[in-house]
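Worksheet for the structure shown next.
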Amino acid sequence: MPAISRGLWPQRWSAFRVVKSLSQSRLRHVQPCARRMSSVDGSEAELAVPSDSRNQADTRIYRPMTETVRTYLNPAHFFMLLRAHGTDFFAGVPDSLLKDICAYITDNVKQSQHVIAANEGTALAMAAGHHLATGKIACVYLQNSGLGNTINPLLSLCSQKVYAIPALLLIGWRGEPGKKDEPQHLLQGALTPTMLQHMGVPYEILPDYAEGAFEVITKAYAHMEKEKEPFALLVKKETFEKYRLSSQAEVFNGQDMLHREEILEEVIECFPSAPLVTTTGFTSREMFELRVQKSQSHRHDFLTVGSMGHCSSIALGVALSTAQDVLCIDGDGAALMHMGSFATIAKCRLKNFKHVLINNAVHDSVGGQPTGSVQIDFPGVARACGYQEAMRARSSEEVKNSLRKLKETPGPCFLEVQALPGARADLGRPTTSTHQNKDAFMNHLRGREDILSF
């Protein structure tokens, strides 16, 4: 076992003892349940034993098969293990597979030590800065689809061959081989381990039980302390036990405000035939279902199911190549991730570019964590970058009026619609393939309406 500083050893051993005792107490709770079952009348009865006269005096019962009990890693246990190694700074972009540990961190770490970043690269850069100031190892959490945003700081900042800065990467493994997932995640999921290997980032899969997590985390910190480089933990689906966020994110509210799906309905009412490029997450899913409800074709819409933060640039590329008005339907978290695109859009000065940003102040599709966009003046940013017009709407009447003005005003034009958070519990996913979506959209742009569209 690698040498551990004298000051941290008692803290780490204490954390392990607490985690192990909690894990064992939970296992003891399972065993009595396995030994007994309810009878028909509701009373408890011992598990049946074959009624052989030779066994009547045998008091043994069947051993409870605890190896078949599904295990989950308690977020508090995991958090304690990291704190025992001196990690007290956390930064990242929320992910659905990490929502329970992210919620626990949000509830239990003060704001100065926890930053929900605009993108994964900036989160890693903050972790590097924290290490420079304190010598401590920070934790950076992200979905594996955001791994691309970390490549530059991983290879040109934190690498052992450059500045040798350690950081613990907690990566939600969407698209894990052998697991059902959406098409935008499957390729990235298959390539995630290979990407880490090629970048020289050692990794382990995080176990879903306390003792296994202790061993892997001990290995990770020993490596980071010795080699002075990042180490990644891949987190599979349902690794963490459920944890409900108790602290309330600052969100918008108002009697006459709309939810995102209601805003999208107003958009397609005002722009019935314009090409739309919708951002990732619930926005594209809601747009797909609205078209189904209204018996409308999907050919008008390019659903950006992945590539978070890039839908405005996709829409810009479309607008540069067609005379039609093109709408980008953006989100606050996505816009923040690559806000430099605002300047690029304004510089192109396209009259047919219309930008609608639905701001509900949370990462809605991955757990509802705050984006911090309540305080951001998005119209002010758009005007500063050079948009010809920039507006904001809150109420349903303001949304209707602002959309009409957006339609009539030469672009590039911008409209922020402040919205209520949340989505329907029965919201589905697109039933057409990504290839079908692309082909139908391309045929619509080229005026080839005679070709079958979905």
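Which ones in segment 389-428 are touching a Pro at 6+ places or on another chain (Cβ under 9 Å) and either open to solvent by less than 30 Å² (accessible area, probe 1.4 Å) or closer than 15 Å to PHE252 by Cα (or both)? Step through it out loud before you land on a result.
Our first condition is that a residue be touching a Pro at 6+ places or on another chain (Cβ under 9 Å); within segment 389-428, this holds for 389-392, 414-416.
Within segment 389-428, ALA390, MET391, ARG392, PHE414, LEU415, GLU416 meet the criteria.
Looking at this structure, is THR150 outside any helix (DSSP H, G or I) and crowded, with 18+ Cβ neighbours inside 10 Å? No; evaluated as a whole, the condition is false for this residue.
Taking segment 215-237, which residues are assigned to a loop (DSSP other than H, G, I, E, B) and either surrounded by fewer than 18 Cβ atoms within 10 Å (Cβ to Cβ) or without any contact (Cβ under 8 Å) to a residue 40 or more places away in the chain (or both)?
Taking segment 215-237 as the starting set, the residues that turn out to be assigned to a loop (DSSP other than H, G, I, E, B) are 228-230, 236-237.
If the condition is that a residue be assigned to a loop (DSSP other than H, G, I, E, B) and either surrounded by fewer than 18 Cβ atoms within 10 Å (Cβ to Cβ) or without any contact (Cβ under 8 Å) to a residue 40 or more places away in the chain (or both), then LYS228, LYS236, LYS237 are the ones that fit.
Would it be correct to say that THR322 is among the hydroxyl-bearing types (Ser, Thr, Tyr) and closer than 29 Å to LEU142 by Cβ?
Values: among the hydroxyl-bearing types (Ser, Thr, Tyr): yes; closer than 29 Å to LEU142 by Cβ: no.
In short, no.
If you go through segment 289-301 and keep only what is over 22 Å from ASP426 (Cα atoms) and touching a Leu at 6+ places or on another chain (Cβ under 7 Å), you end up with just HIS300. Scanning segment 317-353 for residues being within 24 Å of GLU261 (Cβ to Cβ), open to solvent by less than 10 Å² (accessible area, probe 1.4 Å) and touching a Phe, Trp or Tyr at 6+ places or on another chain (Cβ under 8 Å) gives a total of 5.
Scanning for something modelled with pLDDT of 95 or more, open to solvent by less than 20 Å² (accessible area, probe 1.4 Å) and part of a strand (DSSP E or B), does segment 284-303 turn up at least one residue? Before you say what the answer is, go through the steps one by one.
In the first step, residues of segment 284-303 are kept if they are modelled with pLDDT of 95 or more; the result is none.
Within segment 284-303, not a single residue is modelled with pLDDT of 95 or more, open to solvent by less than 20 Å² (accessible area, probe 1.4 Å) and part of a strand (DSSP E or B).
Taking segment 153-170 as the region of interest, how many residues are open to solvent by less than 50 Å² (accessible area, probe 1.4 Å) and part of a loop (DSSP other than H, G, I, E, B)? It would help to see each step written out before you state the result.
In the first step, residues of segment 153-170 are kept if they are open to solvent by less than 50 Å² (accessible area, probe 1.4 Å); the result is 153-154, 157-159, 164-170.
Those still in the list that are part of a loop (DSSP other than H, G, I, E, B) too: 159, 164-167.
Number of matching residues: 5.
If the condition is being in a strand (DSSP E or B), free of Cβ contacts under 8 Å to residues at least 60 places away in the same chain and β-branched (Val, Ile, Thr), then segment 304-334 contributes only VAL326. Highlighted here are the helices (runs of 4 or more DSSP H) found entirely within segment 60-139 that include at least 1 residues which are under 15 Å from the mean Cα position of the chain (by Cα): 99-108, 120-134. Against the definition (open to solvent by 30 Å² or more (accessible area, probe 1.4 Å), within 22 Å of the chain's Cα centre (by Cα) and touching a residue at least 60 places away in the same chain (Cβ under 8 Å)), how does SER365 come out, yes or no? Yes.
Restricting attention to segment 243-265, report how many residues are out of contact with any helix residue (DSSP H, G or I) (no Cβ under 6 Å at 6 or more places or on another chain) and either under 12 Å from ALA103 (Cβ atoms) or in a loop (DSSP other than H, G, I, E, B) (or both). Count: 8. Of all the listed residues (ALA323, ALA319, ALA249, ALA274), the sole one being within 22 Å of LYS347 (Cα to Cα) and at pLDDT below 95 is ALA323. Among the residues of segment 371-387, are any surrounded by 18 or more Cβ atoms within 10 Å (Cβ to Cβ) and over 30 Å from GLN248 (Cβ atoms)? Looking through segment 371-387, at least one residue is surrounded by 18 or more Cβ atoms within 10 Å (Cβ to Cβ) and over 30 Å from GLN248 (Cβ atoms).
Taking first residues from segment 260-274 that are more than 13 Å from SER284 (Cα to Cα) and partners that are open to solvent by 10 Å² or more (accessible area, probe 1.4 Å) and among the acidic types (Asp, Glu), the Cβ contacts under 7 Å between residues at least 6 apart in sequence or on separate chains come to ALA274/ASP325.
For every residue, the table says whether it meets (1) in contact (Cβ under 8 Å) with a residue 60 or more places away in the chain; (2) under 25 Å from MET339 (Cα atoms); (3) open to solvent by 10 Å² or more (accessible area, probe 1.4 Å); (4) not aliphatic (A, V, I, L, M).
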position: TYR72; (1), (2), (3), (4): yes, no, yes, yes
position: PRO75; (1), (2), (3), (4): yes, no, no, yes
position: PHE79; (1), (2), (3), (4): no, no, yes, yes
position: ALA84; (1), (2), (3), (4): yes, no, no, no
position: THR87; (1), (2), (3), (4): yes, no, no, yes
position: ALA91; (1), (2), (3), (4): no, yes, no, no
position: CYS102; (1), (2), (3), (4): yes, yes, no, yes
position: THR106; (1), (2), (3), (4): yes, yes, yes, yes
position: VAL109; (1), (2), (3), (4): no, no, yes, no
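Looking across segment 171-214 at every residue that is open to solvent by less than 20 Å² (accessible area, probe 1.4 Å), part of a loop (DSSP other than H, G, I, E, B) and of a type in the set (A, V, I, L, M, F, W, C), the one that is nearest to ASN149 (Cα to Cα) is identified as VAL201.
The values are calculated or read from the model by the stated rules, or taken from the named source; none is laboratory data. In this text the structure is predicted, and so the values were computed from the model without any measurement. Here the Cβ is made from the backbone with ideal geometry for all residues, glycine too, and neighbour counts use every protein chain on show. We work out accessible area using only protein heavy atoms, side chains counted, and drop any ligands, DNA or RNA first. Shrake-Rupley method; radii C 1.70, N 1.55, O 1.52, S 1.80 Å.
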